[in-house]
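What follows is a single structure, written as structure tokens, with notes after it.
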Amino acid sequence: MTDLVRHVNEVYARAERLYSGAQVSEALARMAEAIGAALAGADPVVLCVMLGGLIPTAELVRHLHFPFELDYLHATRYRRGTSGGSLQWRARPETPLAGRRVLIVDDILDEGLTLSALRDWCVAEGAAAVQTAVLTRKRHARNGTGIRGDYVGLEVPDRYVFGSGMDYRGYLRNAPGIFAVAEGTEGDAHER
């Protein structure tokens, strides 16, 4: 076992569970109901933001009972770290967005920089309208982008969180529920 894996196991063992897996599932089902009311019949494109949006998107779309196209994009600011940098594109969607309604699905809305950049990119690609769905939104006042999330599953405190798609140093995306890194643990930075 590497030192990093030992550290990740220690972080997981000391973490505070904020939401159970069942609570996460309930939140995603509520989001899907609201999304369905707004987008059914609109022939939208649902874009999963990799990698964090993978688990929330997979569960969310199972509850969408109308036709839509599903695609993904991969843009990141974290690159396995615990604080963000500049946006780096790894993959862009293949589905044309011109004239389409787009729903971007991601794991967390923190300062809004990533989602704002992705929304702007979709608009530049000709999307008719762009909405965002996030599993979690952090409670703080650092979001200077104006993006609040059109559909939000759960609010989380201004702590480093992981699970249900969100990672801790590339690990723990599969943790069942949402957890906050314990105060005083190395890497408990507020940035996500």
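Identification of strands (runs of 3 or more DSSP E) wholly contained in region 88-192 with 2 or more residues that are among the polar types (S, T, N, Q) yields 129-138. Looking across L28, L47, one residue alone is within 23 Å of Y171 (Cβ to Cβ), buried (at least 23 other Cβ atoms within 10 Å of the Cβ), in contact (Cβ under 8 Å) with a residue 24 or more places away in the chain and touching a Leu at 6+ places or on another chain (Cβ under 7 Å). It is L28. Residues of region 93-107 being in contact with a Gly (Cβ under 7 Å, 6 or more places away or on another chain) and closer than 26 Å to F162 by Cα, which ones? If the condition is that a residue be in contact with a Gly (Cβ under 7 Å, 6 or more places away or on another chain) and closer than 26 Å to F162 by Cα, then V105, D106, D107 are the ones that fit. Remark: pairs (first residue in region 165-192, over 12 Å from V24 (Cβ atoms) and at pLDDT 80 or above; second residue surrounded by fewer than 16 Cβ atoms within 10 Å (Cβ to Cβ) and basic (K, R); Cβ separation under 7 Å; 6+ apart in sequence or on different chains) = R169/R80; G170/R80; A182/R14.
The set of residues in region 98-122 that are touching a strand residue (DSSP E or B) at 6+ places or on another chain (Cβ under 6 Å), farther than 11 Å from A75 by Cβ and of a type in the set (A, V, I, L, M, F, W, C) comprises V102, L103, V105, I108, L109, C122. Residues in region 1-21 that are among the small types (G, A, S) and in contact (Cβ under 8 Å) with a residue 24 or more places away in the chain: A15, S20, G21. Among residues of region 128-146 that are on the phi > 0 side of the Ramachandran plot, none has a Cβ under 6 angstrom from a residue that is crowded, with 19+ Cβ neighbours inside 10 Å at a sequence gap of 6+ or on a separate chain.
Of all positions in region 18-32, at least one carries a residue that is part of a helix (DSSP H, G or I), within 18 Å of R137 (Cα to Cα) and hydroxyl-bearing (S, T, Y). Just so you know, in region 49-80 the residues that are in a strand (DSSP E or B) and hydrophobic (A, V, I, L, M, F, W, C) include one that is nearest to T132 (Cα to Cα), and it is V49. The residues listed here are D110, D106; of these, the one that is closer than 25 Å to D43 by Cβ, acidic (D, E) and crowded, with 21+ Cβ neighbours inside 10 Å is D106. Within region 50-67, the set of residues being of a type outside the set (A, V, I, L, M) and closer than 11 Å to R173 by Cβ comprises G52, G53, P56.
The values are calculated or read from the model by the stated rules, or taken from the named source; none is laboratory data. Bear in mind that the values here come from a model prediction, so they are computed numbers and not experimental data. Every residue, glycine as well, gets a Cβ built from its backbone with ideal geometry; the counts of neighbours run over all protein chains shown.
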